[in-house]
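Note sheet for the following structure.
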Amino acid sequence: SNGDSQPPLHWARLEFLTPVYCPMDSLVIGSRLDTEVNSNACRLAFSGRLVERYDERQDNGRLKTYTKKEKVGRCCRLGDPYRRCDDNKLVRYEIFGTDLFKKETNMSQFVGLLIETDSGDVGSIQSSFGSSGKFRVHFPAGTTLREGDSLYLRFKRYANDPRKAIHQDGTLPPARIGSRVDPPVKKKKKKNGNNNAEELSAANNDAVGEIEKLKGDILENGKSPLA
């Protein structure tokens, strides 16, 4: 309430190669022993109080440890443009991504997962797109993403999880509506009137040639049946 910012609270699990006497609430200090003695760098790595005893053989299910993972793709196609109502920005509510999954990947396990952009926009995977590993992402608040920009799938997997399930902590932002922007209509170029007159004149002209010789008998009217 006073505006004082407190440092984030971190928890760590310490594993010792040999048993160590550790009374509860003891102060633990970790040092970087590989640092040169004569260097001016600080050798302290961490410090904290012991708050709980942990036995890996008995307490494996009580303490959940996880590994953070990140997969990076890119935007390969943009959806229809919209003008967002609250800030008048040109955004897209739907984009298409690639380079995040292989073409043989089963996309059903990734549908609904959150996708982030460099600018902080958050969307969710809706479905696959085609058969080459592409996918469709919906951004409820819109995004200013461009073709070629990066897409991030960040998640964590818990250790000793037989299902190897994907977990995410983020949520989708509230929807921000917009009005669709129709592309400008291209006007057809009118042909030059002089060119039209020349084409019309050429179509009306009769063919002109020269008779070289006559074939067959001359008719009674003095004309030849073949030329």
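The values are calculated or read from the model by the stated rules, or taken from the named source; none is laboratory data. Since the structure is predicted, the reported quantities are computational estimates derived from the model, not experimental observations. Every residue, glycine as well, gets a Cβ built from its backbone with ideal geometry; the counts of neighbours run over all protein chains shown. The accessibility values were calculated without ligands, DNA or RNA, using every heavy atom of the protein model including side chains. Shrake-Rupley method; radii C 1.70, N 1.55, O 1.52, S 1.80 Å.
Observations on the structure shown:
- Condition broken by Asp118, with the remaining ones in (1) open to solvent by less than 60 Å² (accessible area, probe 1.4 Å); (2) within 15 Å of Glu70 (Cβ to Cβ); (3) at pLDDT 95 or above satisfied: (1)
- Qualifying positions in the stretch 121-140 - under 21 Å from Lys103 (Cα atoms) and assigned to a loop (DSSP other than H, G, I, E, B): Gly130, Ser131, Ser132, Gly133
- The stretch 1-101 holds strands (runs of 3 or more DSSP E) entirely within its bounds, and those carrying 2 or more residues that are among the β-branched types (Val, Ile, Thr) and within 41 Å of the chain's Cα centre (by Cα) map to 66-78, 90-98.
- Scanning the stretch 141-154 for residues that are in a strand (DSSP E or B) and open to solvent by less than 20 Å² (accessible area, probe 1.4 Å), we see that the one that is farthest from Arg83 (Cα to Cα) is Leu153.
- Checking each residue in the stretch 80-125 for being touching a helix residue (DSSP H, G or I) at 6+ places or on another chain (Cβ under 8 Å) and not aliphatic (A, V, I, L, M) picks out only Phe101.
- Between Lys71, Lys102, the distinction of being surrounded by 12 or more Cβ atoms within 10 Å (Cβ to Cβ) and of a type in the set (D, E, K, R) belongs to Lys71 only.
- Of residues in the stretch 158-176 being open to solvent by 50 Å² or more (accessible area, probe 1.4 Å) and hydrophobic (A, V, I, L, M, F, W, C), the one farthest from Val111 (Cα to Cα): Ala159
- Leu78 passes every criterion in (1) open to solvent by less than 90 Å² (accessible area, probe 1.4 Å); (2) at pLDDT 85 or above; (3) in contact with a Gly (Cβ under 7 Å, 6 or more places away or on another chain) apart from (3).
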